[in-house]
Structure formats: C-alpha cells, structure tokens
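Take a look at the structure below.
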Amino acid sequence: MVKQAIIPLAGLGTRMLPLSKALPKELWPIGSRSILEKILDECFDAGITQVILVISKKKEIIKKYFSKNKSLENTIKRKSEISQTLANLNKMSKKIKFVYQDKPKGLGDAVLCAEKLIKSKYFLLILPDDIIDGYNCSKELILLHKKKKSSVLALRQIKKKEIQRYGIVGFENTKHLKINKMIEKPTIKSAPSKFAIIGRYLLSRSIFNLLKNQKRGKLGEIQITDAMNSMLKRENFYGCKFKGKYLDCGTIKGYIKSFIEINK
Ligand code: G1P
C-alpha cells in the first residue's frame, strides 16, 4: 500500500526571483488557496495518509502556514466561511511532517533527507512545480503500480525545444512504456525520446541506497534521475501517460498561465 508522500520544498526558487525571496513559490495563490494545498489535496484524495515536506531554515514560513494560530482563529470566530478554511488547514497539518535539507544539493539529496520517515516499500514523490489538473495523477500512478508491482513515473510527450528542461526517458518497450534509460536535461541530440518526466514519481525505497552513493550530476546537483537510471539495472520502471492537464508552475510565465487556466 502506498501511504506516504515526499514533497521537496527546500529549493531556492531561482526561476521565480525576486518574488520568491519574500514568499516561497509553493505558497503563492493558485485561486483562493496556495499551490501547495492543491498538491496536498491530490495526495490525500489518492489515499496518502502522511506527507513529508522537505524544507530549509530559510523556508520555515511554510511550517508557520500550517501551524495553528489560536488568536487569529478566535478573532475570526464569527466569520464562519473563513474559520472553515483555517479548520481545513489544521486538519491537513495533522497529516504533515517536516524535515530539513541543510544545503540545496539537489532533488536527489532532498529525497534522501526524508528516508528515516518512510516506512513502507514504496512511496510517492511529488514536485510542487508541476500541477496536474482535472484528473488525479497520483491515483493513476498508484493504480499502475498495483498492476506492474514496480516503480512508475508520470510521463508527457514534449516539444523538441523543451527537452533540455526535463529528465528524459528511453523505452525498452514503447507500447508498454517500459523504461530502459533516463537522462537529466539532455541535449536534443542525446535525448533517448521526447518523453519527459513530470513531477510525480512512485518509487521503491531502494532508491535511498543509490542516492547515498550518487555523485553530483547536471547543474552540480545530486539528481534523482541519475539514481533512478542506476536502479533500472535491477528493477523495472514503467511510465504513465497521465490523463490530467499539465500546468508548469516552475517559471513566472508558466505560473501566470496556470493561474488563468485554473480560474477560468
Ligand atoms: C525536475 C527533475 C526533472 C523533471 C522535472 C519535472 O527538474 O529533475 O527530471 O523532468 O523536475 O518538472 P527541475 O524542474 O527541478 O529542474
């Protein structure tokens, strides 16, 4: 049973500067609530019972966002609609645990920071830059995992010019999306396909041992894509062409587009 999810939030948000200096991008609104709450809705709706948020000392405001504020709650007591929103947040926070990533050493390192809290053989990894709207992608991954009994990744066919922004996979079997190669942000020439990893991963916990020995890769960071590529030698990996609409919240332009799309 997949019951736990990791959401890495310790990144510097450089693509969103200067706005992300004051407020982490994950707390930016995407309607009446934050991007992070939308992602958490997806997790809990998919049956996840505990989410591990990987933050840094500089992003403690995320912890504050989820902490109970009694005096505020007392002040707005009579405004029932707003109290309900805060009550929902309190409910969510009961299923959240925080861990710290000391230095921004990359996505692979962030995942490793949550190792001690992961109890079962498989867990979900969700990147908050990627919103998948209209259809629960985490649920889709869990269903495919039950069928294949392996790790699975959300995939999307992208345009050639976008290849260098993503982790790209190659296939042993294109029909069944059995993956045999993964490269982080390859050149167009070296890309094994036009299928990109989008921020939903269902991973076997054997990834942790590989991450411990993983050398820095693209951008001088410990890349989860490199560790997954090593894992391919021992374990199966399948892709999932998810049904929902992909909204890229990882750039200012993408964020604005996503906001408009969700509030149509
Ligand atoms: C990360 C992953 C990359 C993946 C992408 C999806 O990249 O490293 O493999 O394709 O998320 O959004 P980042 O957005 O952190 O550069």
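With charges set only on the Cβ (+1 for Lys and Arg, -1 for Asp and Glu), what does the dipole of the chain come to about its Cα centre, in debye to the nearest 20?
On the way: 55 positive and 23 negative charges, 51 e Å.
It comes to approximately 240 debye.
Amide H contacts under 5 Å for residue 171: 180, restricted to partners 5 or more places along the chain or on a different chain, H placed in the peptide plane at 1.01 Å from N. By the rule of a C-alpha distance below 20 Å, with chain neighbours fewer than 8 residues away ignored, the lysines paired with residue 119 are 3, 94, 95, 97, 139, 146, 149, 212. Taking the square roots of 5 times each eigenvalue of the Cα gyration tensor of the stretch 1-130, largest first, gives ellipsoid semi-axes of 25, 19, 13 Å.
Just the ratio, please: alpha-carbon radius of gyration of the chain over 2.2 N^0.38 Å, N its number of residues.
Details: Rg = 18.3 Å, N = 264, 2.2 N^0.38 = 18.3 Å.
Here the Cα radius of gyration is 1.00 times the empirical estimate.
In the elastic network of the chain, a GNM with C-alpha springs shorter than 10 Å, the most mobile of 109, 41, 226 is 41.
Listed values for the stretch 232-239 are Karplus-derived 3J(HN,Hα) couplings in whole Hz (6.51 cos²θ - 1.76 cosθ + 1.60, θ = phi - 60°), namely 4, 5, 10, 9, 6, 9, 10, x, and x replaces Gly and Pro. Amide hydrogen proximity for residue 6: with H placed 1.01 Å from N in the peptide plane, the residues at 5 or more positions away or on another chain lying under 5 Å are 52, 124, 125, 126. 3J(HN,Hα) along the stretch 6-17, derived from phi through the Karplus expression 6.51 cos²θ - 1.76 cosθ + 1.60 where θ = phi - 60°, amounts to 10, 10, x, 10, 8, x, 7, x, 4, 5, 10, 6 Hz, with x in place of Gly and Pro. In the chain, the calculated helix contribution to ellipticity at 222 nm averages -9000 deg cm²/dmol per residue, counting -39,500 (n - 2.57) for every DSSP H run with n ≥ 4.
Highest mobility in the GNM of the chain, judged by mean-square fluctuation with C-alpha springs under 10 Å and restricted to 18, 128, 29, is found for 18.
The numbers here are math on the coordinates, done by the rules we state, and not lab data. Small disclaimer: the values here were computed from a predicted structure and weren't measured. Here the Cβ is made from the backbone with ideal geometry for all residues, glycine too, and neighbour counts use every protein chain on show.
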